[in-house]
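Nothing in this text is a laboratory measurement; each read-out follows from the coordinates by a stated rule. Everything numeric here is computed off the predicted structure, so don't read it as measured data. With ideal geometry, Cβ positions are generated from the backbone for all residues, glycine too; neighbour counts draw on all protein chains shown.
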Amino acid sequence: MTSTGMTDQDLSPRPYQSYVYAYPHKTAYRKLTDRPRLADEWAGEPKDALSLYAHIPFCEVRCGFCNLFTRIGAPDELTTRYLDALDRQATAVREALGDAEPVRFATAAFGGGTPTFLTAAELERLCDIAEQRMGADLRAVPLSVESSPATATADRLAVLVDRGATRLSLGVQSFVEEEARAAVRPQRRSDVEAALGRIRDSGVPVLNIDLIYGIDGQTERSWRRSLDAALAWRPEELYLYPLYVRPLTPLQKRAHASDREWDEQRLRLYRHGRDHLLAHGYEQVSMRMFRRADAPPQGPDDYACQTDGMIGLGCGARSYTSRLHYSFDYAVGMGEIRTIIDAYTATEDFSRAEVGRRVDKSEARRRHLLQSLLQAEGLRLEEYTERFGSSPFADFPAELARFEDRGWLDGDAPAGRLRLSAQGLAYSDGLGPELFSPAVRAAMAAYEPK
Ligand code: SF4
């Protein structure tokens with residue numbers, strides 16, 4: 001049996017195990033007892049195309065499905081103290097990067113939480129930290145910012161666009177008010193439409209809309225209503241997320257549906273959504289991501305090989321060197337999150353990595369295979385061989401044979417390319433976890449949600 005509850009012979013695994021957006025997952029991180037110095041970890045690493053990510057862990061409400069690291073509201077000047085800490089962290093990290101090799105950022109993103117929970121003046125300060133402390137040239141690189149309908153106000157958008165934002169991502173989830181309520185994110189359709197109007201008026205080049213399928217009571221018909229409402233804005237990108245019920249989140253499991261029925265509903269809605277977007281001029285980038293075919297390219301997608309060099313600022317952000325992934329403590333429960341944010345704002349010494357996981361060569365291979373395979377365009381065999389001196393078929397024979405048996409690999413892929421079939425892409429959240437190493441699985445299984 002695998003940790004996902006399947007036997008190796010099982011040809012009909014569950015499609016929704018987990019969203020693999022980063023490997024290894026943070027639940028496999030542990031306290032780094034040696035507290036390595038960042039300066040040592042970054043010495044000799046390539047630093048000429050780094051990604052910068054700033055995590056803002058505040059939201060106005062906690063959505064029922066959300067297990068991101070975020071808290072509701074920010075009492076007692078907490079955002080000021082948080083930005084003060086971010087400033088200290090940025091200063092320490094930039095110092096650790098050193099000047100022995102050129103340091104350059106190729107992409108930047110503000111995520112959360114809801115970065116636009118910050119006021120316009122606070123967003124200015126956040127951009128100042130990225131530019132003046134880290135040296136990121138925000139106006140010269142793709143800068144993506146997440147937002148919510150209530151906080152996407154004209155003054156905040158004006159600051160972000162002026163400072164170089166190229167992409168604004170709006171978490172809408174559903175345009176159907178009853179569905180928004182069922183997913184524990186009550187909002188009025190008119191407020192969502194007004195926010196989308198403000199984003200378009202701001203002139204930001206790329207609008208992304210997030211939608212969710214698998215909500216209690218959602219049908220193909222109501223799903224189509226949301227899709228069409230989103231399409232009316234001709235967003236450059238759309239993310240379609242399957243709904244998950246996760247430990248310690250407010251959303252409870254639907255009482256009247258079995259897991260299998262829910263899987264079926266989600267698969268049905270996924271296919272419906274995918275076909276609808278493909279018929280409306282979008283191309284599929286990954287299971288979740290769709291891009292308008294005539295939209296201008298905007299830099300790396302949700303996966304890029306250069307994510308090996310990632311600088312995360314803020315208490316929930318990860319950073320990656322080629323050998324170490326690190327962050328701070330991780331939690332989903334509200335009380336724990338508050339404690340961790342408070343500890344972060346009180347931190348003076350940011351020169352060491354506290355929590356993380358070492359990534360050896362074999363994990364790097366897995367990560368490359370996983371993250372390439374989960375993109376619609378798949379993995380370039382030549383690139384893999386150049387990087388690791390071997391082939392994925394030699395490194396992962398059992399896994400790839402199993403995927404092939406299940407019809408998850410595309411037999412018509414161009415020469416030199418390993419990519420998923422339509423069925424394989426639909427099962428991305430089942431396939432991904434099967435590529436986790438035994439050590440990472442064991443660490444994730446031993447993690448106690450808090
Ligand atoms: S889904 Fe987004 S807006 Fe909702 S609680 Fe999570 S981070 Fe905040």
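Only one residue of VAL176, PRO414, ALA130 has its Cα farthest out toward the positive end of the dipole of the chain, where Lys and Arg carry +1 and Asp and Glu -1 on Cβ, and that residue is VAL176.
Could you tell me the distance between the Cα centroids of the range 389-450 and the range 122-187, to the nearest Å? The two parts, judged by their Cα centres, are 33 Å apart. Computed over the range 317-360, the alpha-carbon pair-distance distribution with 5 angstrom bins reads 5, 20, 26, 23, 16, 9, 2, each value a whole percent. Expressed in units of 2.2 N^0.38 Å, where N is the residue count, the Cα radius of gyration of the range 361-446 is 1.05. The calculated Kirkwood hydrodynamic radius for the range 33-292 is 19.8 Å, given to one decimal from all distinct C-alpha pairs. Of the three principal axes defined by the Cα atoms of the range 32-80, the extents in descending order read 42, 25, 24 Å. Annotation: the residues ASP48, ASP87, sorted from fewest to most other C-beta atoms within 10 Å of their own C-beta, follow the order ASP48, ASP87. Basic side chains Lys and Arg get +1 at the Cβ, acidic Asp and Glu get -1 at the Cβ, and with that the dipole of the range 361-446 about its Cα centre reaches some 280 debye.
With a Cα cut-off of under 20 Å and a minimum spacing of 8 residues unless on different chains, the lysine pairs in the chain number 5. Of the trypsin sites (Lys or Arg not before Pro) found in the range 192-245, not one falls in a DSSP loop while having at most 14 other beta-carbon atoms within 10 Å.
Across the chain, the longest piece that holds none of the chymotrypsin sites (Phe, Trp or Tyr not before Pro) lying in DSSP loops with up to 15 other C-beta atoms within 10 Å covers 22-446. Hydrodynamic radius of the chain by the Kirkwood approach over all distinct alpha-carbon pairs: 22.7 Å. Positive-end ranking of SER319, GLY424, ALA120 along the dipole of the chain, with charges on Cβ about the Cα centre, is headed by GLY424.
Dipole magnitude for the chain: about 660 debye, using +1 per Lys or Arg Cβ and -1 per Asp or Glu Cβ, origin at the Cα centre. The residue among ALA398, PHE65, PRO296 whose Cα reaches farthest toward the positive pole of the charge dipole of the chain, with charges on the beta-carbon of Lys, Arg, Asp and Glu, is PHE65.
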